[in-house]
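Take this structure first; my questions come after.
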Amino acid sequence: MISCPNCNHQNPDGAVQCEACYTPLPQASACPQCGAAVQSNAAFCGQCGFNLQQAAPMAEPEELPKTVVPNAPSASVPPTAPPEPTMDFLEIPEADFPDFPDFPDFFEAEEIATPAVAESPELPDPFTLDFEEPDPTPEVPPTPAPSPTTVQGPRQATQIQVQTASLLHVQTQVSLEIPEHLDVIHIGKPNETIPPDIDVSGFPNSEVVSRIHADLRQEAGLYYIEDTGSSNGTYINHVPLLVGNRHRLRAGDRIGLGKGDKVTFIFQIS
């Protein structure tokens, strides 16, 4: 078998090219030591290990006979100089031109008479016109400009009216101002979780009010009230307010904290 040097495919003995990649296969030769078949490109014999590269002497190239080129006979040929061109110039005969006759002077210079410039007549002396100067206009004293009269109209009020909201306690007639800088105002009694912004613990019957009772919310100048899960409830105009719902307050609304209408406030806007 002949192994392909490109893809190592085993080809049958005597194959010229590989069956797989069509690479030309090396030709097999006999080992000069043991006679085993070896490839022509093998370095050592696979049977006896003989060095095939030393056994194959390099074939000396045959010397080719030298080609003798006979010398060409040297012929002494004198250089031929090119003949100088001879130029024969033709003689041009002189032409005889007839004499032209003398023509008389038709255009003689005539003296141009310079016309005399007429002198302009002398203009008479300009005469003077006697005009009588008018009498000067007497000066008139300037009239003082009238002082502008200013019409005073009724003064218009330019003060911006700021609305303030407050809660009037019905039982004691004490007014509590609602803070304007807070968006959420807590109503209740002192506690450690959410301290109240409006403390009602000092009013009579405050025991019916929870510590975290209700919230007032301010949105775009409007006020809303909602119950935050109080024990005794919140009433708006004697109607109970459900927990989580909120009511928009209007001037004069009656807010009851707890049952029995014992702690009651009137919402006011001034």
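Nothing in this text is a laboratory measurement; each read-out follows from the coordinates by a stated rule. Values in this document were obtained by computation on a predicted structure and should not be read as measured data. Neighbour counts run over all protein chains shown; Cβ positions are idealised from the backbone, glycine included.
With θ taken as phi - 60° and the coefficients 6.51, -1.76 and 1.60, list the Karplus ³J(HN,Hα) couplings across segment 24-36 in order, rounded to whole Hz; mark glycine and proline as x.
x, 8, x, 7, 7, 9, 8, 5, x, 8, 10, x, 6
By its C-alpha gyration tensor, with a ≥ b ≥ c as the square roots of the eigenvalues, how is segment 1-42 shaped: rounded for a/c under 1.5, else prolate for a/b larger than b/c, else oblate?
Details: a/c = 2.65, a/b = 2.38, b/c = 1.11.
Prolate.
Then there's this: Multiply the residue gap between SER175 and GLN39 by 0.36 nm, knock off their C-alpha separation, and tell me the result in nm, one decimal place. Kindly include the intermediate steps, with their values, before the conclusion.
Numbers: separation 136, 0.36 × 136 = 48.96 nm, distance 12.31 nm.
Length difference between fully extended and current span is 36.6 nm.
VAL38's amide H: which non-local residues (gap 5+, or another chain) put their own amide H closer than 5 Å, with H modeled 1.01 Å from N in plane and none for Pro or chain starts?
Under 5 Å from the amide H of VAL38 lie the amide H atoms of SER29, ALA30, CYS31, each far enough along the sequence or on another chain.
Please work out how much length the chain gains when fully extended from SER3 to TYR22, using 0.36 nm per residue of separation minus the C-alpha to C-alpha distance, in nm with one decimal. Can you show the working numbers first?
Working: separation 19, 0.36 × 19 = 6.84 nm, distance 1.24 nm.
Length gained between SER3 and TYR22: 5.6 nm.
Determine, for each peptide in 232-241, 208-217, 26-35, the mean count of other beta carbons within 10 angstrom over its residues, then list the peptides with the highest first. Present the calculation step by step, with values, prior to reporting the outcome.
Numbers: 232-241: 16.1, 208-217: 20.7, 26-35: 13.5.
Averaged packing, sorted descending, gives the order 208-217, 232-241, 26-35.
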